[in-house]
Amino acid sequence: MRSILFVPGDSARKFEKACGTAADALVLDLEDSVSLANKALARSETAGFLQQSPRAKYLMVRVNAFDTGETLGDLAAVMPHRPDGILLPKCRGGADVRELAHYLAAFEAAFGLTQGSTDIYVVATETAEAMQGLSTYAPAHPRLKGMLWGAEDLAASLGALSNRDGADYSGPFILARNMCLMAAAAAGVTAIDTVCTAIGDLEYVADESRAARRDGFGAKMVIHPSHIEPVNAAFTPSEAEIAWAEKVLRHFAQNPNSGVVQIGGKMIDRPHARAAEKILIAAGRDLP
């Protein structure tokens, strides 16, 4: 999973358009992109889309946050139609993941779904309280698959006038990005980079995406279809990376008792082997 496209939950037309894109996953959104007046419509439209979808893509639903009182109603509307995952916004930490997991287990039992079949993703940095809870995700709940950092709601929580210093994020938001990355790594789940808000600047999108992959993020959220191509390109391992990864793993397979091997005049140790495995998994290749 490289690109994850947000789709407003109250627009059947946008559902259909999103299905024709190269996004690896879709987030059917019941939260920020839907007005209060359209919440009921969004539940109905999203449920209908899930019911009719051919499931060519991974489909998750972003429900409303726990503090809205709308979460259970959202889940009741969509869970009969087997979403692949639920994205919980404004998540405060591991306790919220466990609470959501209890709800999902109950809905799976009620609707005859396989227990544990619904994944959980969280937006982990949208409030100051959430920032304090980043250390509570490890060890990860079995349902938790990914953690996303977000900058827009965090600015409001902090009272910041902006989350930018020129073209780049300012200090508090760089901190949120990096802490989410490390919390996801500690929990053993995918770190997901936030959306790029520079809608018309595809080179900026590409640069931001390459920087995210360089630093360890495994995917990126997308709010506009034009961003999918540069995001997918950034998160797709190159043939040179794949060849390096295969060579590293072959060397360790041939030298199972060695902690270090020499490849191309460079010393390669076990952390490089773990990095090589991640490259091949991202590329959809078999491990040697």
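The values are calculated or read from the model by the stated rules, or taken from the named source; none is laboratory data. A quick note: this is a predicted structure, and the numbers were derived from the prediction, not measured. Here Cβ is always computed from backbone atoms with ideal geometry, including for glycine, and neighbour counts include all displayed protein chains. All accessible areas refer to the heavy atoms of the entire protein, side chains included, with ligands and DNA or RNA removed. Shrake-Rupley method; radii C 1.70, N 1.55, O 1.52, S 1.80 Å.
Condition check ((1) of a type in the set (S, T, N, Q); (2) assigned to a helix (DSSP H, G or I)) across all residues:
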position: Glu229; (1), (2): no, yes
position: Asn232; (1), (2): yes, yes
position: Trp244; (1), (2): no, yes
position: Ala253; (1), (2): no, yes
position: Val261; (1), (2): no, no
position: Pro271; (1), (2): no, yes
position: Ile281; (1), (2): no, yes
position: Asp286; (1), (2): no, no
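Cβ-Cβ distances below 7 Å connect the following pairs, each with a first residue in segment 198-224 that is part of a loop (DSSP other than H, G, I, E, B) and modelled with pLDDT of 95 or more, a second residue that is open to solvent by 30 Å² or more (accessible area, probe 1.4 Å) and hydroxyl-bearing (Ser, Thr, Tyr), and a separation of six or more residues or different chains: Gly218/Thr190. Residues of segment 124-162 that are under 13 Å from Arg177 (Cα atoms) and of a type in the set (Asp, Glu): Glu126, Glu152. The set of residues in segment 12-33 that are open to solvent by 20 Å² or more (accessible area, probe 1.4 Å) and of a type outside the set (Val, Ile, Thr) comprises Ala12, Arg13, Lys14, Glu16, Lys17, Cys19, Gly20, Ala22, Asp24, Asp32, Ser33.
Quick grid of which residues meet (1) in contact (Cβ under 8 Å) with a residue 40 or more places away in the chain; (2) part of a strand (DSSP E or B); (3) within 26 Å of Gln51 (Cβ to Cβ):
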residue: Thr114; (1), (2), (3): no, no, yes
residue: Tyr121; (1), (2), (3): yes, yes, yes
residue: Ala130; (1), (2), (3): yes, no, no
residue: Ser135; (1), (2), (3): yes, no, no
residue: Ala138; (1), (2), (3): yes, no, no
residue: Gly150; (1), (2), (3): yes, no, no
residue: Leu154; (1), (2), (3): no, no, no
residue: Leu161; (1), (2), (3): no, no, no
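The one condition from (1) among the basic types (Lys, Arg); (2) at positive phi; (3) part of a helix (DSSP H, G or I) that Arg98 does not meet is (2).
Could you say whether any residue in segment 81-90 is assigned to a helix (DSSP H, G or I) and either open to solvent by 10 Å² or more (accessible area, probe 1.4 Å) or more than 20 Å from Cys196 (Cα to Cα) (or both)? Within segment 81-90, one or more residues are assigned to a helix (DSSP H, G or I) and either open to solvent by 10 Å² or more (accessible area, probe 1.4 Å) or more than 20 Å from Cys196 (Cα to Cα) (or both).
Taken over segment 236-252, the criterion of being open to solvent by less than 70 Å² (accessible area, probe 1.4 Å) and not charged (D, E, K, R) is satisfied by Thr236, Pro237, Ser238, Ile242, Ala243, Ala245, Val248, Leu249, His251, Phe252.
Of the listed requirements (1) open to solvent by 50 Å² or more (accessible area, probe 1.4 Å); (2) touching a helix residue (DSSP H, G or I) at 6+ places or on another chain (Cβ under 6 Å); (3) not β-branched (Val, Ile, Thr), Gln262 misses just one: (2).
Of Leu36, Leu72, all but one fail to be modelled with pLDDT of 95 or more and open to solvent by 60 Å² or more (accessible area, probe 1.4 Å); the exception is Leu72.
So that you can scan it fast, the table gives a plain yes or no per residue for (1) open to solvent by less than 70 Å² (accessible area, probe 1.4 Å); (2) of a type outside the set (A, V, I, L, M); (3) closer than 20 Å to Leu144 by Cα:
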position: Phe173; (1), (2), (3): yes, yes, no
position: Asn178; (1), (2), (3): yes, yes, yes
position: Val195; (1), (2), (3): yes, no, no
position: Tyr204; (1), (2), (3): yes, yes, no
position: Asp207; (1), (2), (3): no, yes, no
position: Arg213; (1), (2), (3): yes, yes, no
position: Ala234; (1), (2), (3): yes, no, no
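The one condition from (1) more than 16 Å from Tyr121 (Cα to Cα); (2) modelled with pLDDT of 95 or more; (3) basic (Lys, Arg) that Arg55 does not meet is (2).
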